[in-house]
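Notes to accompany the following structure.
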Amino acid sequence: MSDRETELRELAADLREHDAVADAFLAKSFTDQLVLVDVDGTGGVPNDVKSRLTEHGLHEAGEVYGDDERGSFAGEVADATRHHFVDVQTRGAHQSYVVDEW
């Protein structure tokens with residue numbers, strides 16, 4: 001596990017201690033590392049949580065991928081809303097899995 005991955009796993013664990021955060025964890029898209037944050041209820045991500053994410057080089061997925069209207073919102077999960085934040089420090093460094101035809 002890289003130092004960056006360890007740092008982001010520790011951040012996610014810290015965020016899970018926040019009263020408004022139902023869950024927080026690392027995930028990968030095809031080429032990017034993400035931190036997913038599930039926020040209780042239908043409200044947005046609290047400002048102090050957003051600040052912590054930004055301090056660690058994570059930006060709202062909508063900002064990174066050019067969909068500012070959605071921001072970080074990715075959908076609903078049970079009684080929470082899920083938000084995606086992209087690790088811009090390692091953006092594009094992750095290799096997607098491609099299956100070659102025989």
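The values are calculated or read from the model by the stated rules, or taken from the named source; none is laboratory data. None of the values given here were measured: they were computed from a predicted structure. Every residue, glycine among them, receives a Cβ derived from its backbone with ideal geometry; neighbour counts consider all protein chains shown.
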Report, by residue number, each residue of region 62-85 that is assigned to a strand (DSSP E or B) and under 21 Å from Ala13 (Cβ atoms). Ala74, Val77, Ala80, Thr81, Arg82, His83, His84, Phe85
State which residue is farthest from Leu11 (Cα to Cα) when the search covers only region 37-51 and only residues that are within 12 Å of the chain's Cα centre (by Cα) and not aliphatic (A, V, I, L, M). Asp38
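For Leu53, indicate whether it is under 14 Å from His84 (Cβ atoms) and surrounded by 15 or more Cβ atoms within 10 Å (Cβ to Cβ). Show your work before the answer.
Numbers: under 14 Å from His84 (Cβ atoms): yes; surrounded by 15 or more Cβ atoms within 10 Å (Cβ to Cβ): yes.
Here the answer is yes, as Leu53 does meet what is asked.
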Run Asp87 past the list (1) under 8 Å from the mean Cα position of the chain (by Cα); (2) without any contact (Cβ under 8 Å) to a residue 40 or more places away in the chain and report the number of the one that doesn't hold. (2)
Test each condition in (1) part of a loop (DSSP other than H, G, I, E, B); (2) at pLDDT 90 or above; (3) surrounded by fewer than 18 Cβ atoms within 10 Å (Cβ to Cβ) for Val45 and report the one that comes out false. (3)
Could you list, in sequence order, the residues of region 29-42 that are more than 22 Å from Ala78 (Cβ to Cβ) and surrounded by 12 or more Cβ atoms within 10 Å (Cβ to Cβ)? Ser29, Thr31, Asp32, Gln33
Please verify whether region 59-74 includes one or more residues that are touching a strand residue (DSSP E or B) at 6+ places or on another chain (Cβ under 8 Å), under 10 Å from Val86 (Cα atoms) and touching a residue at least 40 places away in the same chain (Cβ under 8 Å). no
Which listed residue is at pLDDT 90 or above, of a type outside the set (D, E, K, R), outside any helix (DSSP H, G or I) and more than 15 Å from the chain's Cα centre (by Cα), from His18, His59: His18
